[in-house]
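Structure first, commentary second.
The values are calculated or read from the model by the stated rules, or taken from the named source; none is laboratory data. None of the values given here were measured: they were computed from a predicted structure. With ideal geometry, Cβ positions are generated from the backbone for all residues, glycine too; neighbour counts draw on all protein chains shown. Each accessible area value is taken on the protein alone, full model and side chains, heavy atoms only, with ligands, DNA and RNA left out. Shrake-Rupley method; radii C 1.70, N 1.55, O 1.52, S 1.80 Å.
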Amino acid sequence: MEWEPQHEPGAAGRADGQQVRDRDDRPSARDPRRWWILVVLCLSTLVLVIDNMVLTVAVPAITDDLDASTTDVQWIIESYILVFAGLLLTAGSLSDRFGRRKVMILGLALFGAASLVATYAGSPEMLIAARVLMGVGGALVMPSTLSILITVFDEDERPKAIAAWSAVAMVGLVGGPVLGGALISDFWWGAVFLINVPIAALAIGAALLLMPESKGPWRKPDIPGMLLSMTGMTALVWTIIEAPKTGLGDPLTLAAAIAAAVSLVAFAVWESRTDAPMVPVELFRNKVFTGASFSLVLLTFANGGLMLVLTQYLQFVVGYSATETGLAFAPMAVAVIAFNTIGAALLPRTGNRVMAVVGLLTIAAGFGALATLSAGDGWGLLSVAMLLMGAGGGLAMPAAIAALMGAVPEEHAGVGSALNDTIQQAGAALGVAILGAVLSGTYRNELPDEAPEAAKESVAVALKLPGLADAARDAFTQAMSNSFVAGGIGVVAAAVLAAVLLQGREPSKAGPNDPEPTAAEPSAAGPEQTVAH
C-alpha cells in the first residue's frame, strides 16, 4: 500500500490516536510503530560505533596473530575511515533516490558479511579488504538512520528521538573498548568482528518487519557530483591523517592535499550550476544550517582530540588497561544519557540556540577541568570532568543536529543526514590531527634535551627507560593540558557561532488546549515524499 502525503517534515499527530493537519488540512496520524523503528535505527548505529571502538583494543592481538607490520595496522584502521568518509554524500544521495530503508538494509548486509570475512581473516591483506567493504556498508547505513528518523518523527517528538539516537552512539563509544577487552580476554580477536553479524542480522529483520520505505521525488542522478565528492573527501581525510606524520612536504601527502582542494572546489562549482545537484548549495546560504554545521565541526574537533589524548594519558601515565580506560569514560556516558533526556524535554521551551550554547559552554568547562589534571591526580577530578563533558554533549549535540536537519528540505533528508555525518567525520579527523600535533609537539619540547630520539617519539618507550619515566609523565601531562586548552577554545568558538547563527525552532508558547496549526499558519515547508509499506 502506498500513499503520498503532502506534509511538513516529519508531519504526524500528537500521539497515537491523535492527529495533526497537513498542508491540505487533512488529518494524518503518527506511525504507531515509530518507537520500534527508532530501536532499529539505534541498533544500526550501535553496530557501527561499537565496531570502530573495539578495534582499538584488538590491534595488539591482531598484530601478533597476523604478524602485521606498522603499515599493515595503519591500513587496517584507516582503510575503513577513508572509504566511509569518501562515500557518505553519495550514499545519502542514493538513499534519497532509491529508498532509505532499502539502502540501509543493503549496507547492514554488506557490513555483516564483511565482518564475517574479517573474523576469519588469515592475513593483514585479507583483513584490510574486509575493512574496506565494512566502510562501504557503514557509509550506506549511517546517513539512512538519521534521514529515516526525521521522516518518521514529527517536530515535537524529533528532539527526543535524536537524543536517544545520540545517547546510543555514546554508549557504543564508551562500551566498545570494554566489550572488546572482554571478548579478546575470553575468546580471540576475531570475536570483535563476529559480534557485528548477529546485531546486523537482527537490525535487518526488524527493518523489514517494522520500517516503512521513504524516498525523495525522482531526480536525475548527479554522477559528476558523486565522483567529485568521493575523490575530494577521501583525499581530504587522507591528508588530515598523514600530514602530522609526514608533513605537507611529502610528495604523496602534498598530492592528496592538492587533489582534495581541486576536487572539492570543482564539486562546489558543479553543484551550484547543475540542474539536479546531489547537494543543494542553497543550504549553505541558510545561516541556521551553516551555524549548526560549523558548531558541529568545532565540537567533534574537540571530542576527536579528547579520545586520542585522554586514552593515552590513562594508559601510559596512569597505567590503566584498555578495559579500565573504557570504564573511565562511563561517567560521561551516564551523563550523556541523563542530559539527553533533560535536553529533549526542555528543547520545546528553550529552542535549539539556547540549548546548544549552554551545552557547548558546559563542555568547555569540562575541557578546563581536564586541562588541570596532573600525573598524580586520582579518579575524582577526572570523573567531574567526564560528567561535565557528558552533560554538555547531552544538551548540545541533539540541539545542533536538530537545527541542522530542520534546515534541510525533506526530499534531501538522506543527503542532509550524510552532510551531518560528513561534517562530524571531518571535524573528528581534524581534531585527531591538530590536537595530536599539539600533543606530540609539546611532549617533545617538554622532555629533557638529552632524551633519546625514540623516547621523544613515543611516551611508551620513554616510560621504559631508566631515569626518564617521571620526566616523560610530566611532559605528557603538560602536553595533554595544552591539547585540552586548544579543544576548549574550539568549543567556546562553537558556542559563539551557535549564539550568533543558530535559531532553530522557537520555544513553544501554545497551551495544551490551543488549536492545532493549520496549513495557513507559517511553518517550515517540506516537499512531497513517497512512503511505502
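Please report the orientation-averaged projected area of the range 304-436, defined via the convex hull of its C-alpha atoms, in nm².
8.7
Considering only protein heavy atoms and a probe of 1.4 Å, how much of the accessible area of the range 41-196 is carbon and sulfur, as a whole percent?
It is 70 percent, rounded to a whole number.
If a/c stays under 1.5 just call it rounded; otherwise compare a/b with b/c (prolate if a/b is bigger, oblate if not). Do that for the range 77-134, with a ≥ b ≥ c from the square roots of the Cα gyration tensor eigenvalues.
Details: a/c = 4.60, a/b = 1.79, b/c = 2.57.
The shape class here is oblate.
What spacing in nm lies between the two simple spin-label points modelled at residue 265 and residue 478, each 7 Å away from Cα in the Cβ direction?
4.1
Quick one: Karplus J couplings for the range 194-201, per residue in order, coefficients 6.51, -1.76, 1.60, θ = phi - 60°, nearest Hz, x for Gly and Pro?
Listing the rounded values in order: 4, 4, 5, 5, x, 5, 5, 5 Hz.
Between the alpha-carbon centers of the range 48-95 and the range 260-310, tell me the distance in whole angstrom.
One Cα centre to the other: 23 Å.
Give the share of C-alpha pairs in each 10 angstrom bin for the chain, from 0 to the last occupied bin, in whole percents, shortest bins first.
Bins of 10 Å from zero give 4, 18, 29, 28, 14, 5, 1, 0 percent of pairs.
Shape call for the range 180-288 from the C-alpha gyration tensor, a ≥ b ≥ c root eigenvalues: rounded (a/c under 1.5), prolate (a/b greater than b/c) or oblate?
oblate
Given Cβ point charges of +1 (Lys, Arg) and -1 (Asp, Glu) and nothing else, what value in debye, to the nearest 20, does the dipole of the chain about its Cα centre take?
Roughly 760 debye, rounded to the nearest 20.
Taking R0 as 22 Å, what FRET efficiency do you get between residue 116 and residue 213 from their Cβ-Cβ distance, rounded to the nearest 0.05?
Between residue 116 and residue 213 the formula returns 0.25.
Can you work out the Karplus-derived ³J(HN,Hα) for every residue in the range 219-225? Use 6.51 cos²θ - 1.76 cosθ + 1.60 with θ = phi - 60°, whole Hz, and x for glycine or proline.
Those phi angles translate into 8, 5, x, 9, 4, x, x Hz.
Between rounded, prolate and oblate, where does the range 147-206 land on the alpha carbon gyration tensor, with a ≥ b ≥ c its root eigenvalues, rounded for a/c under 1.5, else prolate if a/b exceeds b/c?
Judged from the Cα gyration tensor, the range 147-206 comes out oblate (a/c at least 1.5, b/c at or above a/b).
Compute the acute angle (0 to 90°) between the alpha-carbon long axis of helix 124-152 and the principal axis of greatest extent of the alpha-carbon atoms of the chain; round to the nearest 10°.
For 124-152 against the chain, the angle is about 30 degrees.
Please give the calculated 222 nm ellipticity per residue for the chain, where each DSSP H segment of at least 4 residues contributes -39500 (n - 2.57) and the sum is spread over every residue; nearest 500 deg cm²/dmol?
Rounded to the nearest 500, the figure is -25000 deg cm²/dmol.
Would you work out which of 49, 115, 334 lies farthest towards the positive end of the dipole of the chain, given +1 charges on the beta-carbon of Lys and Arg and -1 on that of Asp and Glu, about the Cα centre?
About the Cα centre, the residue reaching furthest to the positive side is 334.
Cα axis of helix 251-273 to longest principal axis of the chain: angle in degrees, 0 to 90, nearest 10?
Around 10 degrees separate the two axes.
Under a 5 Å amide H to amide H cut-off, with H placed in plane at 1.01 Å, what residues pair with residue 351 once short-range neighbours are removed?
So residue 351 has HN proximity to no qualifying residue.
Net charge within 11 Å of residue 274 by Cβ-Cβ distance, Lys/Arg positive one each and Asp/Glu negative one each, not counting residue 274 itself?
Around residue 274, the charge tally is 0.
What's the whole-number percent of alpha carbon pairs in the range 235-295 lying beyond 13 angstrom?
Above the 13 Å cut-off, the range 235-295 has 68 percent of its Cα pairs.
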